[in-house]
Structures are given as C-alpha cells and as structure tokens.
Amino acid sequence: PKRVAIIGGGEGATLREVLKHNTVEEAVMIEIDEGVVELSQEHLPQWQDCSSIAHHEKAAEWCFDDERVNAKFEDAMAYFIDNFSNDKEQEEAAYDIIIMDALDPNDDIEFAVELYTSDTYIQSLYNALTVDGILVVQVGEVPYQNSPADETGRFANRSTMKEKLEEVGFESLHIYEEAHSGFMAPWSTLVAFRDTQTRENWYRNDAEIELQLQKRILRSKSGSSSLRYFDGATMSSYQLPSSAFETVHCRQEEAPRYCDKTEWIGKAVVDETNNTTAYNPVVERHVRDSLHSREYALHNIHGWKEVLLN
C-alpha cells in the first residue's frame with residue numbers, strides 16, 4: 001500500500017505500525033480530538049515511539065514528525081462523506097488501505113452507533129478505496145462460545161456493519177482475533193476486501209509472507225525486524241475465523257442451513273452456499289480445508305458451488 005488512512009488512532013500505535021512499511025508514501029490520520037495525541041504523548045509515549053526506524057529516510061523519533069504523516073484533526077465521518085460521497089466529485093485521492101481505529105461497536109453513544117451503521121458513511125469508505133483497496137476495522141471483543149448472536153446481543157452494531165459493507169459492494173469479509181492488543185480480552189478485527197481477487201494475498205503461506213516482510217518492513221537500528229509480534233506463522237493463525245465466530249454466526253434468528261453440519265454432505269449445502277454472503281465463517285472454516293489456499297481465495301462465492309460439486 002502507498003496511501004493509508006487511519007480513522008481515530010490518536011494514541012499513535014496504529015500509525016507507528018503503518019510507518020514500518022516502506023511502501024507507504026502517505027499516512028493520513030483523521031483524529032477528531034488533538035488532545036488525545038497530546039495526552040498520549042505524555043502518558044503513553046511508547047505508543048508514539050518510532051525511534052526503532054528513525055534512521056530511515058523521512059522517518060523520525062516521534063511518529064508524528066515522520067514526513068509521510070499528514071495528521072488531520074477533524075471529524076473523520078464528515079471528512080469521508082464530504083470528499084467521497086456518491087453525489088460529489090472526489091476531492092481526495094483514493095486510499096489503498098483505510099483503518100478504522102475508533103470507538104468500539106458496543107459503545108452505547110450516538111457517535112459510535114453512527115460509525116458502524118451509517119449508510120452514507122459506509123458508502124463513502126467504499127468510495128474512498130482504490131479498486132483493490134482494503135478496509136480494516138477493529139470490531140471489539142471476541143465472542144465466547146456461549147455468546148448470543150451479534151444481532152441480538154451487545155454487538156448488534158458489529159452485525160449491522162457487516163451487512164452494510166456487503167450492501168455497498170465489498171465482495172469478501174473476514175474477521176480475525178489478536179491477543180496482543182493490551183486489552184483485558186482478545187480483540188477482533190474485520191477485514192473487508194473490495195474485490196475477491198485481492199483476497200488471494202490473505203492466504204499466502206508462511207514462506208511467502210516472510211519474504212514479503214523481508215522486502216517491505218523497515219529494519220531497526222540493530223538490523224532486526226521492527227515488528228514485535230507479527231510474522232508468517234502469526235499470519236497463518238489469522239487466516240481462518242475462530243470457532244466462536246462460527247458459533248455466534250449460526251445463532252442468528254434465521255440460521256443458514258449450512259450451519260447444520262449434516263448438510264455438508266450433498267447438494268443441499270451447495271445450493272445454500274451459492275446464495276450465501278460475503279461474510280460466512282462456516283463456509284470459510286470448512287470449505288477452505290479441502291482447497292489449496294490460492295485456489296480458495298480465487299473462488300468467489302458463486303465459484304464455491306462448482307468446487308463443492310466436483
């Protein structure tokens with residue numbers, strides 16, 4: 001990615017990780033409250049510390065001094081709607097990646113609800129991406145096996161956002177979890193691909209990922225990787241959603257037929273899968289096992305029908 005947008009993230013940690021990629025030419029951070037940056041600089045300085053890569057061209061000790069950073073202290077929703085709405089000519093260049101590091105989907109305040117459910121805003125995010133762009137959204141705490149369906153529990157906004165992302169045109173949605181976020185529980189992240197072809201990269205094997213990291217990630221002063229927790233093996237653990245997300249998905253009021261494991265043998269599951277949606281952790285977890293990762297990634301939803309029948 002060359003151009004990356006960060007929604008929120010004023011504490012600086014997301015920006016710090018983005019700047020470790022040597023392909024990034026501009027990182028635009030849209031944070032509504034400049035005070036968050038200042039407060040974090042005082043009390044969470046390590047989150048804004050880019051000293052490990054400061055010896056590289058354009059980089060700096062303090063992440064916000066990096067020449068690639070364009071910090072905008074304004075309402076991110078208004079920024080995207082004003083610049084990328086359907087009925088206005090695009091005023092800003094499109095982004096390769098947009099990362100939404102804002103309020104949690106279960107926060108019971110009006111602005112948080114709007115971030116995850118506004119039709120106009122979600123459409124503007126889609127419009128703001130390049131044709132093979134990717135939207136990354138932190139979507140809150142990982143469910144437990146006994147959690148209710150998102151649509152009926154505390155994470156109704158998470159469920160609504162998945163539906164609206166599909167409605168505006170995202171062809172493939174995926175959720176993974178990470179336990180190194182520094183919270184009290186593992187955290188989940190939603191990745192939305194504008195096109196299915198782009199998702200092929202998600203399923204590269206460990207060796208391919210390590211090669212890309214060697215080429216792309218800026219080295220620390222000691223010559224080691226500037227990444228602390230991520231490598232090819234870690235990426236492999238992200239490639240399939242957890243069984244808890246599968247369980248919660250199947251607790252919908254009208255659960256899809258493919259949630260019944262007895263339906264996995266025979267044409268019934270094929271017919272149901274052909275009419276499935278961009279977000280489908282059940283199909284993702286069980287069909288992918290029988291396919292080569294690249295082959296799986298390249299088969300869109302309708303392509304799965306042919307694969308299962310053969």
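The values are calculated or read from the model by the stated rules, or taken from the named source; none is laboratory data. All of these numbers come straight from a predicted model, not from anything done at the bench. Reconstructed Cβ throughout: ideal geometry from the backbone, glycine too, with neighbour counts over all protein chains shown. Note: areas computed on protein heavy atoms with side chains; ligands, DNA, RNA excluded. Shrake-Rupley method; radii C 1.70, N 1.55, O 1.52, S 1.80 Å.
Apply the Karplus parameterisation 6.51 cos²θ - 1.76 cosθ + 1.60, with θ equal to phi minus 60°, to every residue of the range 92-104 and state each ³J(HN,Hα) to the nearest whole Hz, in sequence, with x for glycine and proline.
Once rounded to whole Hz, the list reads 10, 5, 5, 9, 7, 9, 10, 10, 9, 10, 10, 5, 7.
Taking only protein heavy atoms into account and a 1.4 Å probe, give the accessible area per residue of the range 28-166 in Å².
Values: 6630 Å² over 139 residues.
With all protein chains present, the range 28-166 gives 48 Å² per residue.
Per residue of the range 44-61, what does 6.51 cos²θ - 1.76 cosθ + 1.60 with θ = phi - 60° give for ³J(HN,Hα)? Whole Hz please, x for Gly and Pro, Karplus curve as stated.
Going residue by residue, I get 10, x, 5, 6, 10, 8, 10, 4, 5, 10, 5, 7, 7, 4, 6, 7, 8, 4 Hz, with x marking Gly and Pro.
By a straight-distance test (C-alpha under 13 Å), which aspartates and glutamates pair with K162 as possible cross-link partners, with residues fewer than eight away in the same chain excluded?
Counting by Cα, and skipping residues close in sequence, K162 has these aspartates and glutamates nearby: D119, D150, E151, E171.
Mind listing the phi-derived Karplus ³J(HN,Hα) values for the range 28-33, rounded to whole Hz, using 6.51, -1.76 and 1.60 with θ = phi - 60°, and x for any glycine or proline?
Taking θ as phi minus 60°, the curve returns 9, 10, 10, 10, 6, 10 Hz for the range 28-33.
Pairs K72/K221; K164/K215; K58/K215; K72/K215: which exceed 27 Å Cα-Cα?
K72/K221; K164/K215; K72/K215
Identify, among A76, G169, S147, the residue whose Cα sits farthest towards the positive end of the charge dipole of the range 27-172, taking +1 on the Cβ of Lys and Arg and -1 on the Cβ of Asp and Glu, with the dipole about the Cα centre.
Going by the charge dipole, the pick is S147.
For the range 82-164, with only Lys/Arg (+1) and Asp/Glu (-1) charged at the beta-carbon, what is the dipole magnitude about the Cα centre, in debye rounded to 20?
Computed charge dipole of the range 82-164: roughly 340 debye.
Which residues' amide hydrogens lie under 5 Å from the amide hydrogen of A5, considering only partners 5 or more residues apart or on another chain, with H built in the peptide plane?
Amide H neighbours of A5, under 5 Å, 5+ apart: V28, I97, I98, I99.
Ordered by packing density, taken as the mean number of other Cβ atoms within 10 Å over each peptide's residues, highest first, how do 6-15, 118-127 rank? Numbers along the way, then the final one.
Working: 6-15: 24.1, 118-127: 18.8.
Descending mean neighbour count gives 6-15, 118-127.
In whole Å, what is the distance between the alpha-carbon centres of the range 217-257 and the range 1-65?
Measuring centre to centre over Cα atoms gives 22 Å.
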